[in-house]
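S.K.: Structure incoming, see below.
The values are calculated or read from the model by the stated rules, or taken from the named source; none is laboratory data. Here the structure is a predicted model, which is why all the values come from computation and not from measurement. Here the Cβ positions follow ideal geometry from the backbone for every residue, glycine too, while neighbour counts run over all protein chains shown. What goes into the accessible areas is simple: the full protein's heavy atoms, side chains included, and nothing from ligands, DNA or RNA. Shrake-Rupley method; radii C 1.70, N 1.55, O 1.52, S 1.80 Å.
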Amino acid sequence: MKKKFAFETLAIHAGEQPDMHEGASGDVAAPIHLSTTFARHEVEHPTGGYEYTRSLNPTRFALESKLAAIENAKYGLAFSSGLAAETAIIMGLLKSGDHVIASDDLYGGTKRLFNRVMNEFGITTSYADVMDNSAFERSITPATRMIWVETVSNPLLKIADIRGLAQIAKRNRLILVVDNTFLSPYFMHPTDIGADIVMHSATKYIGGHSDVLGGVVMTNNDALYKKIQYYQNAAGAVMAPFDSYIVMRGIKTLALRMERHAGNAQKVAEFLAQHNKISRVVYPGLASFPQRVLHQSQASGNGGIITFEITGTVDDAKRFLSRLQIIALAESLGGVESLVELPALMTHSSVAPEERAKIGITDTLVRLSVGIENADDLIGDLEQALL
Ligand code: P1T
């Protein structure tokens, strides 16, 4: 499909135009091809290029085409989880002895993958303050091959300067990888402003309904794509056909959902900012957000995640969380339903306590994923739990 169409149109149509050939059924929604293998007339000629679902599956390929279109990129790849996508990028592109510089504030599972798994294979990682580009530059060694950042970061919502980091990456021949899970392709295209690779946990906004696990990778670079695709087939953590269909279905409403997530989050953040039991609110849509200018220079919206500090002790924070009635106390984010969690004891518990303290993940820091329910109902729920 041509790239001239707007995001909303591509999200619905890219990758799945109805098959109108004589004898075809003309499905408007792409069919789910569950077959693991594909018959051929002759040994050397697979029908339509399909051989075996791990290598290529029509439903996954439809999703991968849609992903490329909505990122304005050349290629898309779909994996069985966000961490499977991360593993494919790292293992597909790096080798033992290579070094990665990652931002200090990352999803706990990503840090665990770098520190406890990749480290065992000889791929080492050092961490730099994502708000200081020169810290990345200072960390470069002769072995450095990759820079890895999240925009917006999990859970402290720090903004990585993608254009600045892209220049550093280019000067030093490094691959810049951006995990854009928190904004989704609707609010930002890192590949348009210099990222070599963008990845997402599709389990979050892209899927959008907390009912499918997935990870996606988009790039414009032919060589990087070929290596990651080779690894996808060789190691095998592909997204299943049924899951590919569910993710495609989620993408069709991504624009609508992201508008509502951000609109609700703005109202909830403003409510929290004036509440006397909340000492600090971090949300890119608030005037108090320290990196507002940088954020606005590279993204078109603020997303649906808010982090805030409850006054008092960790027990006060726990009491608040267990009093909520609509907002579920659960890990994950980006679904239609609001979710809340305590990063220090939940999503980031695998990060060492002294490291958490250093980057600012306190025991009373709460992360709220604002869903698309009625904003006043959400504010009412927070208000009664804060009493
Ligand atoms: O859970 P999975 O689909 O494997 O994705 C991992 C991942 C990668 N990147 C970011 C920014 C993420 O937030 C995640 C997963 N995060 C959570 C489960 C969470 O509650 O933060």
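S.K.: Taking the Cα centre of the stretch 109-177 as the origin, how large is its charge dipole in debye, to the nearest 20, when only Lys and Arg (+1) and Asp and Glu (-1) carry charge on their Cβ atoms? Intermediate values should be presented prior to the final figure.
M.R.: Numbers: 10 positive and 6 negative charges, 38 e Å.
Computed charge dipole of the stretch 109-177: roughly 180 debye.
S.K.: For the stretch 261-387, how big is the tail of P(r) above 17 Å, as a whole percent of Cα pairs? Kindly include the intermediate steps, with their values, before the conclusion.
M.R.: On the way: 4512 of 8001 pairs.
In whole percent, the share of Cα-Cα pairs in the stretch 261-387 beyond 17 Å is 56.
S.K.: Along the three principal axes, how long is the stretch 16-172 when you take its alpha carbons, biggest first, rounded to the nearest angstrom?
M.R.: Largest first, the stretch 16-172 extends 62, 31, 29 Å along its Cα principal axes.
S.K.: Tell me the angle of helix 314-323 to the major Cα principal axis of the chain, expressed in degrees between 0 and 90 and rounded to the nearest ten.
M.R.: 60 degrees
S.K.: Placing +1 on the Cβ of each Lys and Arg and -1 on the Cβ of each Asp and Glu in the chain, which of Gln325, Tyr231, Ser244 has its Cα farthest towards the positive end of the resulting dipole?
M.R.: Result: Tyr231.
S.K.: Could I have the simple spin-label model distance between Ser322 and Asp27, label points 7 Å from Cα toward Cβ, reported in nm to one decimal?
M.R.: Taking the simple label geometry, Ser322 and Asp27 are separated by 4.7 nm.
S.K.: Over the chain, what is the relative contact order in whole percent, taking alpha-carbon pairs under 8 Å and six or more residues apart? The partial results should precede the final answer.
M.R.: Details: 767 pairs, mean separation 63.8, N = 387.
Relative contact order here is 16 percent.
S.K.: Now a separate question. So how strong a dipole does the chain carry about its Cα centre when Lys and Arg Cβ are +1 and Asp and Glu Cβ are -1, to the nearest 20 debye?
M.R.: On the way: 36 positive and 42 negative charges, 159 e Å.
In total the dipole reaches around 760 debye.
S.K.: Please name which of Thr313, Gly335, Ile379 has its Cα lying farthest along the dipole of the stretch 307-387 towards the positive end, using unit charges on Cβ (Lys, Arg +1; Asp, Glu -1) and the Cα centre as origin.
M.R.: Positive-end residue among those listed: Thr313.
S.K.: Quick check: the distance between the Cα centres of the stretch 115-156 and the stretch 297-322, to the nearest angstrom?
M.R.: 25 Å
S.K.: Please give the length that would be gained between Asn233 and Leu329 if that part of the chain were fully extended, namely 0.36 nm times their separation in residues minus their C-alpha to C-alpha distance (nm, one decimal).
M.R.: Taking Asn233 through Leu329 to full extension adds about 30.9 nm, to one decimal.
S.K.: Report the GluC sites (Glu not before Pro) located in the stretch 341-387 that are in a DSSP loop and have at most 16 other Cβ atoms inside 10 Å of their Cβ, or state none.
M.R.: Values: sites: Glu341, Glu354, Glu355, Glu373, Glu383; in loops: Glu373.
Those that pass, being in a loop and sparsely packed, are Glu373.
S.K.: Here's something else I'd like to know. Provide the net charge surrounding Ala344, with neighbours chosen by a C-beta distance below 9 Å and charges set as Lys +1, Arg +1, Asp -1, Glu -1. Kindly include the intermediate steps, with their values, before the conclusion.
M.R.: Details: positive: Arg356; negative: Asp363.
Residues close to Ala344 contribute a combined charge of 0.
S.K.: Roughly how big is the stretch 218-291's charge dipole about its Cα centre, with Cβ charges of +1 (Lys, Arg) and -1 (Asp, Glu), in debye to the nearest 20? Spell out each step's value before the answer.
M.R.: Numbers: 9 positive and 4 negative charges, 29 e Å.
So the magnitude is around 140 debye.
S.K.: Below 8 Å, C-alpha to C-alpha, sequence gap of six or more: please give me the relative contact order for the stretch 98-148 in percent. Can you show the working numbers first?
M.R.: On the way: 65 pairs, mean separation 28.6, N = 51.
RCO, the stretch 98-148: 56 percent.
S.K.: Another one. Using 1/(1 + (r/R0)^6) with R0 = 35 angstrom and r between the beta carbons of Lys170 and Asn119, what's the FRET efficiency to the nearest 0.05? Mind showing how you got there, number by number?
M.R.: Numbers: r = 27 Å, r/R0 = 0.77.
Between Lys170 and Asn119 the formula returns 0.80.
S.K.: Please report Rg (one decimal) and Dmax (integer) in Å for the Cα set of the stretch 138-202.
M.R.: Cα only, the stretch 138-202: 11.7, 36 Å (Rg, Dmax).
S.K.: With a 1.4 Å probe and all protein chains left in place, how much accessible area per residue does the stretch 1-130 have, in Å²? Please list the in-between numbers first.
M.R.: Numbers: 6470 Å² over 130 residues.
Per-residue accessible area for the stretch 1-130 comes out at 50 Å².
S.K.: Right, next: Can you give the accessible area of Ser288, probe radius 1.4 Å, in Å² rounded to 10?
M.R.: 80 Å²
S.K.: Note the direction-averaged projected area, equal to a quarter of the hull surface, for the Cα convex hull of the chain, in nm². Let's see the in-between values first.
M.R.: Values: hull surface 80.0 nm².
Quarter of the Cα hull surface area: 20.0 nm².
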